[in-house]
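Contents: one structure, followed by commentary.
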Amino acid sequence: MHTVEKIGGTSMSRFDEVMDNILLGGRTDDALYNRIFVVSAYAGMTNLLLEHKKTGEPGVYARFADAHSEDAWLDALEGVRSRMVQKNAELFDSDYERSAADHFVQERIDDARDCMQSLQRLCTYGHFQLEEHLMKVREMLAAIGEAHSAHNTVLALRSRGVNARMVDLTGWHQDAPMSFEDMVRNGFENIDPATELAVATGYTHCKAGLMNTYDRGYSEITFAEIATVTSAREAIIHKEYHLSSADPMLVGTDKVVTIGRTNYDVADQLSNLGMEAIHPKAAKSLRRAGVELRIKNAFEPEHDGTLISQSYVSDRPCVEIVAGRKDVFGLEVFDQEMLGDVGYDIELTRLLKQLKLYVVNKDSDANSITYYVSGSRKMVNRAARLVEERYKDAEVTVHNVAIVSAIGSDLKVKGMLARMMSAMAEAGISVQGAHQSIRQVQMQCIVREEDYAQTVAVLHRALVEREGYEDVISAA
């Protein structure tokens, strides 16, 4: 009857609070156990090891892949070593724990350095190409950050008298890779959750290579697999915030409410908007295994958070969350020749996939299709050029837009969409497009990019707060 609980990198960087709120949380004796933790690397560490997730600033991996200068990636790796040792000093006052933590870091960094130098020398021979090995290097580097965090957590727990044990899923010095499921099953084969507090790395080394499919979303995939393989009673993700009815920065902290209950369908809609409660593939594993997911605020441990299950439907039709994204382009393709040609949509979708543009939604009429895509402006412009080259009579227009959705486990009530449109009309917001599927778990509107923040505030007032949204309109 154990839980499997994931702690993200931002939370791990506030480790004293995590220790007080989650890992210990006032528990003693047997109450400390029947919990398995999956931890991410400390905030910013994976950026240093790979590349900055938002800015693209190169880390160790990006400099190694560039391959112009050995000194560049070596210097970056030494920078990671220094940062990890510094983190150890911040966490541990005791010489014993700090020395053990530093020794672990030194060993892993030295191993990675020696491996990468050997690989670089090997690839000076024409039969070996560096590009063929880069994904393995990327996974090895990412694993260092996860292992550092997990090892430190175990040291800290043991220093407080907890029988903690590290489950190292990184495959370090492993003879041969296993399948993903076998790797996790083997890691927990001899773990007794009732008497040991297991702390697992967020990265799992396996034959398929998690980063090939999920890149930096691997920790939630590992978390879900552990919950599934070990038959967890409940899966819990500790975030820095509650899963709330809207972004409090846009609506106001006094206006938002914690959702409390919802289902995996709603979680998938959020993922599509880039606001993941959990990675959709991880959610799929939990859903199939019948494991419920709880999203909790790491810094409000007494709050129950939000429980996500497969079968939940709200007691009455209602909007549970207003969410959206503004990094969206509307790629509008107009061609009178497309009428009746089903292959047109297939070819365009294939092109967008090749350019790694994520399709958030699309709509169409007799002679036009608009794809709402997320990606770089450069790639969107390239897509537009390729479409015009392929279809000589097509007119392609790129729009800067935002998508705002009203989402709920049950929106099947007359007038909900009309209320949404009326609120926006009264606020003077120009609706570029609207969409509601027959399933009725989401109502989606397309607005100008500059109207995004106001749209979220107006719809939250009209559909969640349900009264007095004229004040928001007046203020806007």
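The figures follow:
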item	result
Extension gain, residue 195 back to residue 1 (0.36 nm per residue minus Cα-Cα distance, nm)	68.6 nm
At R0 = 56 Å, FRET efficiency that the Cβ-Cβ distance of residue 93 and residue 398 yields, to 0.05	0.50
Value of D in µm² per second that Stokes-Einstein yields for region 55-202, Kirkwood Rh from Cα pairs, at 10 °C (1.306 mPa s)	93
Rg(Cα)/(2.2 N^0.38 Å) for region 283-350, N = residue count	1.89
Rg(Cα) / (2.2 N^0.38 Å) computed for region 320-391, rounded to two decimals	1.14
Rounded D (µm²/s) - region 209-366, Kirkwood Rh over Cα pairs, Stokes-Einstein at 4 °C, 1.567 mPa s	72
Heavy-atom accessible area order for 203, 241, 61, largest first, 1.4 Å probe	241, 61, 203
Estimated inter-spin distance, residue 31 and residue 118, nm [label 7 Å along Cα→Cβ]	5.0
Accessible area (Å², 1.4 Å probe, nearest 10) - residue 172	50
Degrees between helix 377-390 axis and first principal axis of the chain (Cα, 0 to 90, nearest 10)	60
Folded to 0 to 90 degrees: helix 70-91 orientation relative to the chain principal axis, Cα	80
Ratio Rg/Rh [Cα only; Rh per Kirkwood] for region 396-462	0.97
Value in Å of the Kirkwood radius, where region 276-423 supplies the Cα pairs that are averaged	18.5
Projected-area average for region 39-87 over all orientations - Cα convex hull basis, square nanometres	3.5
Fraction of the pair-distance distribution of region 135-282 above 22 Å, Cα-Cα pairs, percent	49
Between 0 and 90°, nearest 10: helix 416-426 axis offset from the chain longest Cα axis	80
Accessible surface ranking that places the most exposed of 281, 412, 356 first, with a 1.4 angstrom probe	356, 412, 281
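The values are calculated or read from the model by the stated rules, or taken from the named source; none is laboratory data. None of the values given here were measured: they were computed from a predicted structure. FYI the Cβ positions are ideal-geometry reconstructions off the backbone, even for glycines, and counts take in every protein chain you see. Remember, those area values only see protein heavy atoms, side chains included, never the ligands or the DNA or RNA. Shrake-Rupley method; radii C 1.70, N 1.55, O 1.52, S 1.80 Å.
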